[in-house]
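The values are calculated or read from the model by the stated rules, or taken from the named source; none is laboratory data. Fair warning: this is a prediction, and the values are worked out from it, not measured in the lab. Neighbour counts run over all protein chains shown; Cβ positions are idealised from the backbone, glycine included. For the accessible areas, the whole protein counts, side chains as well, though only heavy atoms, and no ligand, DNA or RNA atoms are used. Shrake-Rupley method; radii C 1.70, N 1.55, O 1.52, S 1.80 Å.
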Amino acid sequence: MSTLPGPVMVASGCGGTGRELAAYADLVGLDFVTRSITLDPRAGGPSPRIVETPSGLVNAIGLQNPGLEHFLATELPWLVRAGVRVFVSIAGSSMGEYADLARRLSRAPGVAGLEINIGAPDQAGEGLFDVREPYHAASVVAAVRREFPGDLPVLAKLRPDLSRIVEGARGVVDAGATAVVIGNAVPAAMPDGRPGGLTGPAIGPIALRCVATVLTELPDVAVIGGGGVSTVADARRFLDLGASAVQIGTALLHDPTTVARVRAALTAEDTA
């Protein structure tokens, strides 16, 4: 039986390599989602990559990462030694790349689970396999699930697209996803018009609506919510709806203690 993370996770890409958070939080037992890893290194997009906007950030990172080999040799061992529960976010240009990543990570010591990035705001522009159709998203999940141990969780991260979120969630769960992560970036634009993704408090109400809709229509599906979570009250909004956990991302960029603070407060509430 897969063990779901919770109640608080570090969202993909927002905790750096983990080292950046070590001075601000006790990492032992922390559920940490890595930046999205691809088979080959990616240099990412041109600067500027992050621009502040009212109530959020617009980013166009371009999935910068060192590639799987470097991640396995340096970043993963450090996280494991730090006592982190590592959920590796994976992204690919084809179903074959997703499957290859899952196969190689299935043999990597210390991997607690995978998060499949199938909700990037600009998949085609970032060279990712186009999964805008729920059928294609489900196909990616099925390919990953075949290559990854059945007793470890596979999380499918979808963008908060209210018009198709139930269809997408149903498809990926039927294909073998352990849980659905709702709260990826919303498609937006950088000031110069380049495609980007909007994150932070601005998308919180949208993500909350998507989580509520999925849990109403699919009450047996495990959902991990996120979008603008920076306080215990923010987290409770998702958890009280029935979410299994929340992810914290953008808030860490201005207050790296956020995950530790919210996790401690929720633990204190639950044990009171």
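On the stretch given as segment 20-40, residues that are surrounded by 15 or more Cβ atoms within 10 Å (Cβ to Cβ) and outside any strand (DSSP E or B) total 11.
Listed conditions (1) touching a Leu at 6+ places or on another chain (Cβ under 6 Å); (2) without any contact (Cβ under 8 Å) to a residue 60 or more places away in the chain; (3) assigned to a loop (DSSP other than H, G, I, E, B) are all met by Asp192, apart from (1).
Only a single item in (1) more than 18 Å from Val221 (Cβ to Cβ); (2) modelled with pLDDT of 95 or more; (3) in contact with an Asp or Glu (Cβ under 9 Å, 6 or more places away or on another chain); (4) open to solvent by less than 60 Å² (accessible area, probe 1.4 Å) is not met by Glu147, and it is number (4).
Of Gly127, Gly83, Gly110, Gly67, all but one fail to be more than 17 Å from the chain's Cα centre (by Cα), open to solvent by less than 20 Å² (accessible area, probe 1.4 Å) and on the phi > 0 side of the Ramachandran plot; the exception is Gly67. Listed by first and then second residue, the pairs with beta-carbon distance under 8 Å, at least 6 apart or on different chains, first residue in segment 29-45 and among the β-branched types (Val, Ile, Thr), second open to solvent by 60 Å² or more (accessible area, probe 1.4 Å) and part of a loop (DSSP other than H, G, I, E, B), are Thr38/Ser93.
Being at pLDDT 95 or above, in a helix (DSSP H, G or I) and within 27 Å of His136 (Cα to Cα) holds for only one residue in Val221, Val173, Val180, and it is Val173.
Could you go through segment 170-188 and let me know if any residue there is crowded, with 19+ Cβ neighbours inside 10 Å and more than 30 Å from Arg146 (Cβ to Cβ). Step through it out loud before you land on a result.
First pass over segment 170-188, keeping only residues crowded, with 19+ Cβ neighbours inside 10 Å: 171-173, 175, 177-186, 188.
After this cut, where a residue has to be more than 30 Å from Arg146 (Cβ to Cβ) as well, the list is 186, 188.
The answer is yes, given that some residue of segment 170-188 is crowded, with 19+ Cβ neighbours inside 10 Å and more than 30 Å from Arg146 (Cβ to Cβ).
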